[in-house]
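Remarks on the structure that follows.
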Amino acid sequence: MDLSVPLMNSLTLGCMYTLMALGLTMSYSVTKISNFAHGELVTLGGYITALSVNRGINLPISLVLAFIASALLAVAIDELVYKPLIKKGSRPLFLLVASIGAGLVFRYLMFIYADLRGVITIQARTSVEIIARIGRAALTTVHLWVFPITAVSVALLHLMFHHTKPGKALRAMADNEDLARVSGIRVYVLRRLMWVVAGGITGVAGGLWAVYSIVTPQTGWEALLRVFASSIIGGFVSFWGTIVGGITIGLAENIGISIMNEYFNVSTAYRPLIS
């Protein structure tokens, strides 16, 4: 049984789930909000990248645009949805429900836009070249974007949180926001910084997804369960744990299904139920 193809698919999907989950891990560790609107940041990043690339803008600039757009959306959701509720002293459950509502509103706005523009499904039309073959699996230019960006993002976030003043202040804010404020930490500025970084990285993940596969207005929502699972495996506090979670989910989706097909005759038609 040749597992080279499902293994390559597992690593690719695992890296993209990791990128999607990094922002969720970061936002939850600081705010303790279960952000169910997180998937819409993926969708927006995917659409921005696909539309930009298909208009002739190169991929690096398109990913930067995706970062900016998703960062702005993340800040907007915090300002318009979470911040007013937090000021009223709302419980975490109310914030969770509000995040679901915010995600639903944006998702259907995306459906309206995509329908009017005729882009219910879209993919970034980039040239994909085979760099090398590992067994039956092909290492392509897509992988040369996905793997390094994931590794660099995890490393930079770890360094930021543990070896910079803003990162240490964010950790203090995560432990006790009121005490951090009294200590002179500019909580408002740091909160904006956190949402910009978390939203931006998630948008880049969506952009890479648009290069790897198709994007629809439901792409982020459909990936959300896997993204939460990746963050949960990482404990919602560790960026290195998140990459372990993402790869684990990717392996379970691909290697697990391949083994079930080979040895237990589980039809691939049941893959959505199993994964």
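The values are calculated or read from the model by the stated rules, or taken from the named source; none is laboratory data. Here the structure is a predicted model, which means the values were calculated and not measured. When we count neighbours, we look across all protein chains shown, and the Cβ atoms used for this are built from the backbone with ideal geometry, even at glycine.
Identify the residue in the stretch 53-80 that is loosely packed, with under 14 Cβ neighbours inside 10 Å and among the charged types (D, E, K, R) and, among all such residues, is farthest from W195 (Cα to Cα). Result: R55.
How many residues, within the stretch 34-92, are farther than 19 Å from W145 by Cβ, modelled with pLDDT of 95 or more and among the small types (G, A, S)? Here the count works out to 5.
Residues in the stretch 87-103 that are hydrophobic (A, V, I, L, M, F, W, C) and in contact with a helix residue (DSSP H, G or I) (Cβ under 9 Å, 6 or more places away or on another chain): F94, L95, A98, A102. Return yes when L116 is without any contact (Cβ under 8 Å) to a residue 24 or more places away in the chain, part of a helix (DSSP H, G or I) and surrounded by fewer than 11 Cβ atoms within 10 Å (Cβ to Cβ) and no when it is not. Taking the combined requirement at face value, the residue satisfies it.
Of the residues making up the stretch 222-245, those that are aromatic (F, W, Y), surrounded by 19 or more Cβ atoms within 10 Å (Cβ to Cβ) and either part of a helix (DSSP H, G or I) or in contact with a Cys (Cβ under 6 Å, 6 or more places away or on another chain) (or both) are F228, F239. Restricted to helices (runs of 4 or more DSSP H) entirely inside the stretch 147-214, those with at least 3 residues that are in contact with a Leu (Cβ under 7 Å, 6 or more places away or on another chain) and β-branched (V, I, T) are 187-212. Just one of the numbered conditions (1) within 24 Å of V215 (Cβ to Cβ); (2) out of contact with any strand residue (DSSP E or B) (no Cβ under 7 Å at 6 or more places or on another chain); (3) among the charged types (D, E, K, R); (4) surrounded by fewer than 15 Cβ atoms within 10 Å (Cβ to Cβ) is not true of K83: (1). The condition of being among the charged types (D, E, K, R) and modelled with pLDDT of 95 or more holds for only one of R133, R107, that being R107.
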